[in-house]
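What follows is a short report on a single structure.
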Amino acid sequence: MTDGYIKRMVAVAALGCCIAANTAKAQVAEQICTDNYEIDSARTGELTLKVDNISFLKDNEFKGDIVTGYTLPGFWLQPKVAFQPLKNLKIEAGVHAFVYDGAYKYPNYAYQDIARWKGSQYQKGTHLLPFFRAQIQLGSVNLIWGDLYGGSNHRLNEVLYNPELNLTADPEMGFQVIMDRPRFRLDTWIDWQSFIFKKDTHQEAFVVGLSSLVRFNNPESRFHVYLPLQGLIQHRGGELDTLEHNSVQTFMNGSAGVGVVWNTGNPLLRRINVEGDIIGYYEQSGTLWPFSSGTAFLAKGSVDVWRYFRLTGGWFYGKKFISLLGLPFFGAVARSDKGGTYDFMRTGFVSFESSYKFKRYYAVGAKADFYYSVPGRYTSKDGLVSSQQPLSNFSIGAYFRLNLDVLLWKHRPKKL
């Protein structure tokens, strides 16, 4: 195949986002769903206009009690201005607008389940939020206030984080610390999802996260070994609300694993990556979920072909395991029947992804996912027990990334 033919194939694509390997940058995650957080000292004194956007069409053909199928057509857009007054300080301000094709009225609350709260206020035309980020770089450490480098930037595995949230969730807001050294990377953050005032009738909610990676050698070595350690804590509560029953809830997910990358040096079969993770769930307080603790195991592997394609496959097994932010096929809870549970969940998955970046500011991508779930006995919310047949589900979609960066003005010190 010629290079031009490959590019045309990619441009026609179909989907979602982002299975990011914990080592070398994954094709789709790098070009579509992640951002460069490093401050460039050469841009000191610059005032720039930035326009960031992901447009998507994602079709989830899901059946059964695990989750109901749905389609996501739309885009989010972030126009903002950025100013870098010092070589290690950057300020960004703008708006985040979210639009579903064909929708004209949007509920005025976070687009992710955070608490027992559904606001009655609406916005017309678009779901609109302010955007502000202040960032200081101190050597290899970056401190971020306001809007965070969230989503797939955290590099959480797919059991802990559903890549679809890159498209639909509100931007994460709070405080973040990122440290990146040759042998160690650390990303820790607090995402404050629901703030409360005195006598509010909903809970405050926030997520504390940690994603770290130990690199035992250079990622570009022939064989690279790494150790990922990740965790999420979601707390729901507050001392100012008027809730009296089950008003404090704390849930935890943790993951530890080991992975190996083979950089083959072959231009056709470029890289092979295998990884295994042990994952846990714990409910420290509250009774929102039917299980108080559970465990799971994830084994996966990926193959990079040419510069444009990645094939990933894996197997998940979980017993009484609940993922706070992950894909519904990686858990023992029926999302379409709240209160329904499975004795265990086994899910095999295969995904194909491709992306292409061109002209510095633009990228197109595609991804298709297939899930084959073999659940244990099903107990409905009414207490009825039944055996379950294997379930086959798939997802396919297409996306486009725009990330413009236009210089408006640059401060130039006067010559003496």
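The values are calculated or read from the model by the stated rules, or taken from the named source; none is laboratory data. These numbers were taken from a predicted model, which means no experiment stands behind them. So basically every Cβ, Gly included, is an ideal-geometry build from the backbone, and we count neighbours across all protein chains shown. Only protein heavy atoms, including side chains, enter the accessible area calculation; ligands, DNA and RNA are left aside. Shrake-Rupley method; radii C 1.70, N 1.55, O 1.52, S 1.80 Å.
Ignoring everything except DSSP H segments at least 4 long, calculate the 222 nm mean residue ellipticity for the chain; use -39,500 (n - 2.57) per segment, divide by total residues, nearest 500.
Taken over the chain, the calculation gives -500 deg cm²/dmol.
Using a 1.4 Å probe on the protein chains only, how many percent of the accessible area of the range 56-187 belongs to carbon and sulfur?
63
Can you report the principal axis dimensions of the chain using only the alpha carbons, biggest first, rounded to whole angstrom?
Cα spread of the chain along its principal axes, largest to smallest: 82, 59, 44 Å.
How many nm is it between the label spots at F195 and V258, if each spot is 7 Å from the Cα in line with the beta carbon?
Distance between label points: 4.6 nm.
Please sort 386-397, 224-235 by packing, taking for each peptide the average over its residues of neighbouring beta carbons within 10 angstrom, highest first.
Highest mean packing first, the order is 224-235, 386-397.
Taking the Cα-to-Cβ direction at F175 and at K105 and moving 7 Å from each Cα, how far apart do the two end points lie in nm?
4.0
Using only the Cα atoms of the range 136-258, what semi-axes does the equivalent ellipsoid have when each is the square root of 5 times a gyration tensor eigenvalue? Give whole Å, largest first.
Semi-axes, largest first: 32, 16, 12 Å.
Could you put T379, T264 in order of accessible surface area, largest first, with the 1.4 Å probe and the full protein assembly present?
T379, T264
Could you please state how large a percent of the accessible area of the range 236-367 is carbon and sulfur, counting protein chains only and using a 1.4 Å probe?
The value for the range 236-367 is 61 percent carbon and sulfur by accessible area.
Based on the Cβ-Cβ distance from K414 to R377, what FRET efficiency comes out when R0 is 60 Å, to the nearest 0.05?
Efficiency at R0 = 60 Å is approximately 0.20.
Order L269, L324 by their accessible area, 1.4 angstrom probe, all chains in place, largest first.
L269, L324
Between the range 344-416 and the range 272-326, what is the separation of their alpha carbon centroids in Å?
15
If you average 1/r over every pair of different alpha-carbon atoms in the range 262-416 and take one over that average, what Kirkwood value in Å do you get?
18.9
Starting with the highest mean, order 315-323, 252-260 by the number of other Cβ atoms within 10 Å, averaged over the residues of each peptide.
Most protected by this proxy first, the peptides run 315-323, 252-260.
Using a probe radius of 1.4 Å on heavy atoms only, what accessible surface per residue do you get for the range 322-364? Whole Å² is fine.
With the other protein chains kept in place, the range 322-364 gives 38 Å² per residue.
What is the range 338-416's relative contact order, in percent, from Cα pairs under 8 angstrom and six or more apart in sequence?
It rounds to 31 percent for the range 338-416.
Once R0 is set to 45 Å, what does the formula 1/(1 + (r/R0)^6) return for the Cβ-Cβ distance between F132 and I278, expressed as a FRET efficiency to the nearest 0.05?
0.75
Hey, which of these cross-link pairs are over 21 Å Cα-Cα: K319/K381; K63/K124; K80/K367; K87/K414?
Checking Cα-Cα distances, K63/K124; K80/K367 exceed 21 Å.
With contacts defined as alpha carbon pairs under 8 Å and 6 or more residues apart, what's the relative contact order of the chain in percent?
Here the relative contact order equals 18 percent.
How large is the accessible surface per residue of the range 62-176, computed with a 1.4 Å probe and reported in Å² as a whole number?
43
Using R₀ = 45 Å, calculate the FRET efficiency as 1/(1 + (r/R₀)^6) where r is the Cβ-Cβ separation of S392 and K124; round to 0.05.
Efficiency at R0 = 45 Å is approximately 0.65.
Taking 0.36 nm per residue of sequence separation and subtracting the Cα-Cα distance, how much length would be gained by fully extending the chain between T250 and L268, in nm to one decimal?
Gain on stretching T250 to L268: 1.8 nm.
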